[in-house]
Amino acid sequence: MRGTQRSLARRAELIAIGRTLFADTSYDALSMDDIARQAHVAKGLIYYYFHSKRGYYLAIIEDSVADLVAFAAGGAALPPVDRVQRTIDGYLRYAEHNQAAFRTIVSGGVGFDAEVHAVRDGVREAIVATIAEGAYGRTAIAPLARMGLLSWVCSVEGATLDWIDRPGLSRETMRDLLVKTLGGALRAVGEMDPSHPAPSAACRGA
């Protein structure tokens, strides 16, 4: 048992180091020798836990995504509108305090690896589902509603990256701005698909 705990702790430590490495340098620019040197470990140790550089990178992405989704989707017991606000605030808070990991999720490796792309798409769908639950009370929504929310989530990614790179707005101001733009997206969906009316609070807030 102790050996297993030590192994898990060592693996988690390597993932934490990798988050920073891959956030600052592109995947192709880092060799396994570079990674081992900067992590101050033997290269064989990385192969032991992750089998390859690609396996290491995917483990970093998946671990970061799990943290982000769990952080943003908390507060399930809150009223729907409050849950939407908490989701956005949690997303921004995570990005603010875990900038390297957030950059890895959103922009690391895009275009070079279909599996990495799929992991990033997975976090988008998880956020869409969380917003849909808060806005409509369900996660099973029509294609038009899903596309409206997905478009909003993609715009939030870009805006959040810019916000952490060029901080000028408080998290509270950024949250309120994104809530208002979400209200606009929900209204547009409701106008085009009456089966998904915008929550009244979203209409008042935007």
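Things to note:
- Across the stretch 1-57, the number of residues qualifying as β-branched (Val, Ile, Thr), touching a Leu at 6+ places or on another chain (Cβ under 9 Å) and either within 21 Å of Gln99 (Cα to Cα) or touching a residue at least 60 places away in the same chain (Cβ under 8 Å) (or both) comes to 1.
- With respect to the conditions (1) within 16 Å of the chain's Cα centre (by Cα); (2) more than 27 Å from Gly183 (Cα to Cα), Lys53 lacks only one, and its number is (1).
- The residues of the stretch 181-198 that are farther than 14 Å from Ala135 by Cβ and either among the charged types (D, E, K, R) or at pLDDT 95 or above (or both), listed by number, are Glu191, Met192.
- Pairs meeting the criteria (first residue in the stretch 116-134 and within 16 Å of Phe71 (Cα to Cα), second residue hydroxyl-bearing (Ser, Thr, Tyr) and buried (at least 19 other Cβ atoms within 10 Å of the Cβ), beta carbons under 8 Å, at least 6 apart or on different chains) are Ile127/Thr87; Ile127/Tyr91; Thr130/Thr87; Ile131/Thr87; Gly134/Thr87.
So that you can scan it fast, the table gives a plain yes or no per residue for (1) exposed (fewer than 12 other Cβ atoms within 10 Å of the Cβ); (2) among the acidic types (Asp, Glu); (3) outside the structural domain of Thr139 (by TED's automatic domain parsing); (4) modelled with pLDDT of 85 or more:
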residue: Tyr27; (1), (2), (3), (4): no, no, yes, no
residue: Ala36; (1), (2), (3), (4): no, no, yes, yes
residue: Tyr47; (1), (2), (3), (4): no, no, yes, yes
residue: Ser52; (1), (2), (3), (4): yes, no, yes, yes
residue: Val65; (1), (2), (3), (4): no, no, no, no
residue: Leu68; (1), (2), (3), (4): no, no, no, no
residue: Gly74; (1), (2), (3), (4): no, no, no, no
residue: Arg83; (1), (2), (3), (4): no, no, no, no
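- Residues in the stretch 85-109 that are outside any helix (DSSP H, G or I) and modelled with pLDDT of 85 or more: none.
The values are calculated or read from the model by the stated rules, or taken from the named source; none is laboratory data. Here the structure is a predicted model, which means the values were calculated and not measured. So basically every Cβ, Gly included, is an ideal-geometry build from the backbone, and we count neighbours across all protein chains shown.
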